[in-house]
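Report on the structure given below.
The values are calculated or read from the model by the stated rules, or taken from the named source; none is laboratory data. Everything numeric here is computed off the predicted structure, so don't read it as measured data. Cβ coordinates were reconstructed from backbone atoms using ideal geometry, including for glycine residues, and neighbour counts include every protein chain displayed.
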Amino acid sequence: MLTIFCSEIKMDNRINLLIIISDNLLRVSLKGQFSNIEDIETIFSVSSVEQANTIMRQETINCVMIDRGLETEKVVNFCNDLREINTHCVIIMLIEDLLQIEGNTALQSLVDDYLVKPFRLVDLLKLMNSQLKKYDQLQKSIIYFGGYEFRPHDKLIYNKVSNMKVYLTQKENEILSYLIKMGGTNVSRQQLLDTIWGYNTGVTTHTLETHIYRLRQKLEFDPKNARILLTEPGGYKLNI
């Protein structure tokens with residue numbers, strides 16, 4: 001990795017950064033370079049997912065930088081847990097090559113972006129800035145579909161006809177957000193399981209079906225004759 005003097009580089013937000021890298025030289029180097037950036041308020045630097053789990057539950061983290069070299073299942077579970085606690089934290093993965101992430105739908109759905117090593121610090125900062133801006137926009141975003149106003153940041157759907165507000169659980173919010181993202185196409189049950197729950201081996205299709213059932217109760221005028229959240233062969237889709 002190219003070391004550069006970065007005291008003049010500016011971030012658009014003051015952030016708390018969590019670095020999770022097992023390589024001691026890279027971790028120390030990144031922490032040292034980030035410490036020169038005044039808009040990074042706090043830097044937490046650890047070598048394992050276990051250490052990161054403790055920090056995640058004690059601190060408000062805006063951006064996580066995690067190395068793909070760590071054990072896949074631990075990384076996926078950590079990212080899932082982080083999304084439960086903090087839905088607006090940017091996750092950037094450092095990889096050796098694209099093969100490390102291609103084909104892994106769980107990682108692709110949980111990570112905001114990735115950067116191939118070696119890289120320039122200025123490119124990493126630009127990537128962080130870009131992703132943080134997206135989350136700022138998401139906090140203000142409102143999505144309209146099927147007579148509803150959906151506010152992902154607030155986990156809220158508003159029925160414009162009945163003038164009623166309904167709050168969603170974290171998983172319901174994630175499922176609805178993902179189905180909207182897929183633009184009305186059929187999403188398989190396995191794809192939803194991989195995307196929303198990742199490597200959590202205790203989760204079955206029954207768990208997914210239970211969440212879909214509860215989401216329908218909140219979305220549909222007549223849940224037994226669904227018109228918005230539809231069951232398709234092998235999966236589900238939104239009628240939008």
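The table below gives the values:
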quantity	calculated
Selected residue [at pLDDT 90 or above, outside the structural domain of residue 72 (by TED's automatic domain parsing) and either hydroxyl-bearing (Ser, Thr, Tyr) or closer than 20 Å to residue 105 by Cα (or both)] from 179, 230	179
In segment 87-100, the residues that are surrounded by fewer than 17 Cβ atoms within 10 Å (Cβ to Cβ) and either touching a residue at least 12 places away in the same chain (Cβ under 8 Å) or touching a helix residue (DSSP H, G or I) at 6+ places or on another chain (Cβ under 8 Å) (or both)	88, 96, 97, 98
Single unsatisfied condition, residue 157 versus (1) in the same structural domain as residue 189 (by TED's automatic domain parsing); (2) closer than 24 Å to residue 114 by Cβ	(2)
Segment 185-240: number of residues that are among the small types (Gly, Ala, Ser) and closer than 23 Å to residue 87 by Cα	2
Every pair of residues 6+ apart whose Cβ atoms lie under 9 Å, when the first sits in segment 25-36 and is surrounded by fewer than 15 Cβ atoms within 10 Å (Cβ to Cβ) while the second is not in a loop (DSSP other than H, G, I, E, B)	28/45; 35/43
